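Every number here is computed from the coordinates shown, using simple stated rules; none is lab data. Note that the structure is predicted; figures quoted are calculated from it, not measured. Cβ coordinates were reconstructed from backbone atoms using ideal geometry, including for glycine residues, and neighbour counts include every protein chain displayed.
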Amino acid sequence: MQRRVRHTAPLLATTIMACSSSTPDAPASAPAHEHAHGHDHHAAHGDGTKGMHHRFDDAEKWAKRFDAPERDAWQKPREVVTAATIAPGATVADIGAGTGYFLPYLAEAVGEGGRVLALDVEPNLVAHMEERVADAGLTTVSVAQIPYDDPKLEAASVDRVLIVDTWHHIDARVAYTQKLAAALKPGGQVVVVDFTMDSPEGPPREHRLAPEKVIEELTAGGLEARVVEETLPRQYIVIGQKAP
Ligand SMILES: C[S@@+](CC[C@H](N)C(=O)[O-])C[C@H]1O[C@@H](n2cnc3c(N)ncnc32)[C@H](O)[C@@H]1O
């Protein structure tokens, strides 16, 4: 059965006019040159780093892609959540949460005493997640729309920030990291999961970021960063930690 998608007015004016895309849908296993993750080639400049802009405004279309049952095999969501070392009672922000694929796993990890903040720039995805969260009774999850350049998190308020397949979309990533660092509690971590350079899935190769680049950006933003050992076939995980 198809999920009903509400289309609401934007809560915030988007700070960046992302280009609309005529990118055709491609199956999850499509090669990169077919824009397998639905990206386009438009990039805008930030303050030294630039992200690839793409509107994810068709929630129904993206739900079919991001929540496709075959994704679990390569995404390994439980392994990602384990790598994020989320303790019961933790507060976790999922930035670029999309259709909410990770929300049930994060809600399970934080437990009844924890909190999950599902954040995205795209109003239609925010509406979609609100409905999904209500349908699934995920009472510890709050959904909100954020601007492109600011996660809008309170200072020292979150234990973990999860950013899956989204870091390469963000502009001015060093400045963005500084905002994340301010939002983390001491010892808190940013967990970046993104596509490897040779993954058959993901953005066009010129928009992919090697893990070393992510480490460089997180380090420049004030975090201590490292690659995490994992068995994901298409992605890497980089963790940036705030000093305890
Ligand atoms: C490829 S999707 C990944 C969705 C989700 N993390 C997942 O793994 O299923 C990228 C998401 O990042 C969001 N996004 C793009 N630019 C963003 C930004 N600057 N800040 C926060 N989210 C952003 C998009 O709206 C989209 O939902």
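Using a 10 Å cut-off on Cβ atoms, rank the peptides 128-140, 156-168 from the highest mean neighbour count down.
Working: 128-140: 17.4, 156-168: 21.8.
Per-residue mean Cβ counts within 10 Å order the peptides as 156-168, 128-140.
Counting only other residues whose beta carbon sits under 14 Å from that of residue 230, what net charge do I get with K and R as +1, D and E as -1? Intermediate values should be presented prior to the final figure.
Numbers: positive: 76, 78, 226, 234; negative: 79, 194, 229.
Local net charge: +1.
Tally Lys and Arg at +1 and Asp and Glu at -1 over the other residues with C-beta under 13 Å from the C-beta of residue 82: what net charge comes out? Mind dumping the intermediate values first?
Values: positive: 76, 78, 160; negative: 79, 108, 229, 230.
Computed value for this residue: -1.
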Of 81-88, 99-106, ordering from highest average Cβ density within 10 Å down gives 99-106, 81-88
Summed over the other residues with a beta carbon less than 13 angstrom from that of residue 147, with K and R at +1 and D and E at -1, the charge totals -3
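State whether region 46-241 is rounded, prolate or oblate according to the following rule on the C-alpha gyration tensor (a ≥ b ≥ c being the square roots of its eigenvalues): a/c under 1.5 gives rounded; otherwise a/b larger than b/c gives prolate, and the remaining case gives oblate.
Values: a/c = 1.28, a/b = 1.10, b/c = 1.16.
Rounded, because the longest to shortest axis ratio a/c is under 1.5.
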A correct Karplus calculation of ³J(HN,Hα) over region 155-165, with 6.51 cos²θ - 1.76 cosθ + 1.60, θ = phi - 60°, whole Hz and x for Gly and Pro, returns 4, 6, 10, 10, 8, 9, 10, 9, 9, 9, 6
Surpassing 27 Å at the alpha-carbon level, of the pairs 50/179; 64/213; 61/213; 50/242, are 64/213; 61/213
About its Cα centre, region 46-241 carries a charge dipole, from +1 on Lys and Arg Cβ atoms and -1 on Asp and Glu Cβ atoms, whose size in debye to the nearest 20 is 200
